[in-house]
Amino acid sequence: AAKGAGRNRYSYFTPTLQVAALNRMRLTNDLRGALKAEQFELYFQPIVHLKSGRIHKAEALIRWNHPQRGVVSPMDFIPLAEASGLIIDIGEWVFRASARWVQRWRHEHHPEFQVSVNQSPLEFAREDGAYDTWLSYLQALGLPGQSVVVEITEGLLLDANATVSNKLLQLRDAGIQVALDDFGTGYSSLSYLKKFDIDYLKIDRSFTRNLAPDSSDMALSDAIIVMAHKLGLRVIAEGVETPEQRDLLAAAGCDYGQGYLFARPMPAEQFDALLREQGVQR
Ligand code: C2E
Ligand code: MG
Ligand code: MG
Ligand code: MG
């Protein structure tokens, strides 16, 4: 709801391009101080086993608690963070905060619990050694690479250069798993699925939204699931909002689901309470 309200307010106050540009500049400026002012917060949304509805892992989703604007959606500020280079420090913060939470949840709820972390293309494609830092941070917390899943998007693999390919290999060596986010919305070139070692496909919400028996979205989802399984990948459906969608996906053999039907993204302490209540199924 906050997201919708934010977006309406946005368009209401941006009658001209100039105002929009000014607004972006202001927001970028505010973004520079946001880390230090501790305005970022991680929300977590469960990824569940579709058949049982039980919690398998969680996706970390960043929120910006802006002192004047309220909660700003990542859709509105991640692009600004990328354009300004701030994404590197923000990404580092996201990773560290995620690692601390997964450490706690592995300790208190399930020793194999995982947290899935989003990486925008610019973060992933950077040349310097982010992963060395990541790995030593995990090590310092006594965590194996298997505690973390990295979510990247198709576009990154389509024009993968040596840096990207090497990073994927490094992740693999460290035991960190990789998920392809928003699958099906990108470039529909499938050759990279055999070229790179991917663990999960996340079927984009735009397919889940209009699922109905015999619909074209059902046919596409069916095909994605069959293909993924033949390639040894597991499938997560995004944006599951209704029991009908859940049932159709489960019948098609989809492994996991994520969406408002199960739970909205929530503050970490609340997610902790959910884990205590419902437990974890691996
Ligand atoms: P995403 O990675 O595809 O994350 C899923 C988005 O779908 C989240 O939006 C989530 O709140 C939303 N969602 C989950 N279930 C449902 C549902 O049933 N219905 C609908 N309509 N939406 C659902 P959110 O949290 O606003 O994040 C938007 C995007 O921002 C993410 O898409 C991801 O690309 C990016 N993002 C979020 N956190 C981070 C971060 O820490 N780092 C980076 N680089 N990007 C992030
Ligand atoms: Mg994601
Ligand atoms: Mg997604
Ligand atoms: Mg998305």
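No value in this document is a laboratory result; all are computed from the given coordinates. Being a predicted model, the structure only gives us computed values, none of them experimental. Cβ sites come from the backbone with ideal geometry, for glycine too, and all protein chains shown count toward neighbours.
Before moving on, here are some points about what is shown:
- Sites matching GluC sites (Glu not before Pro) across segment 106-191 that sit in DSSP coil, with at most 15 neighbouring C-beta atoms within 10 Å: Glu112, Glu127
- Kyte-Doolittle mean at least -1.0 and Cα axial length at least 24 Å: DSSP H helices in the chain: 17-34, 87-108
- Using every pair of separate Cα atoms, the Kirkwood estimate puts the hydrodynamic radius of segment 26-87 at 13.0 angstrom.
- Whole-angstrom gap from segment 114-156 to segment 224-282, using each part's C-alpha centre: 22 Å
- Chymotrypsin sites (Phe, Trp or Tyr not before Pro) within segment 195-262, DSSP loop, no more than 13 other Cβ atoms inside 10 Å: Tyr260
- Structure-based [θ]222 nm, the chain - -39500 (n - 2.57) summed over DSSP H runs of at least 4, per residue, nearest 500: -15000 deg cm²/dmol
- Average projection, convex hull of the Cα set of segment 119-202: 5.1 square nanometres.
- When every Cα-Cα distance of segment 220-268 is counted in 5 angstrom steps from zero, the calculated P(r) takes the values 5, 22, 29, 20, 13, 7, 3, 1 percent.
- A full extension of the chain between Asn210 and Leu190 corresponds to an added length of 4.9 nm, given 0.36 nm per residue minus the alpha carbon distance.
- Pairs of Cα atoms farther than 32 Å apart, the chain, %: 25 percent
- Area projected by the alpha carbon convex hull of segment 95-152, averaged over all directions, nm²: 3.7 nm²
- When the chymotrypsin sites (Phe, Trp or Tyr not before Pro) in segment 13-43 are filtered for DSSP coil states and for at most 12 other beta-carbon atoms within 10 Å of their beta-carbon, the remaining sites are Phe13.
- Fraction in percent of alpha-carbon pairs per bin - 5 Å, segment 107-257: 2, 9, 18, 20, 18, 14, 10, 6, 2, 0, 0
- When the pairs Lys51/Lys195; Lys57/Lys202; Lys167/Lys194 are compared against a 20 Å limit on Cα-Cα distance, Lys51/Lys195 fall above it.
- Entry for segment 184-282 at q = 0.14 Å⁻¹: log10 I(q)/I(0) = -0.59, Debye formula applied to identical alpha-carbon scatterers, no solvent contribution.
- Cα→Cβ-extended label distance, 7 Å offset, between Glu244 and Ser136, nm: 5.5 nm
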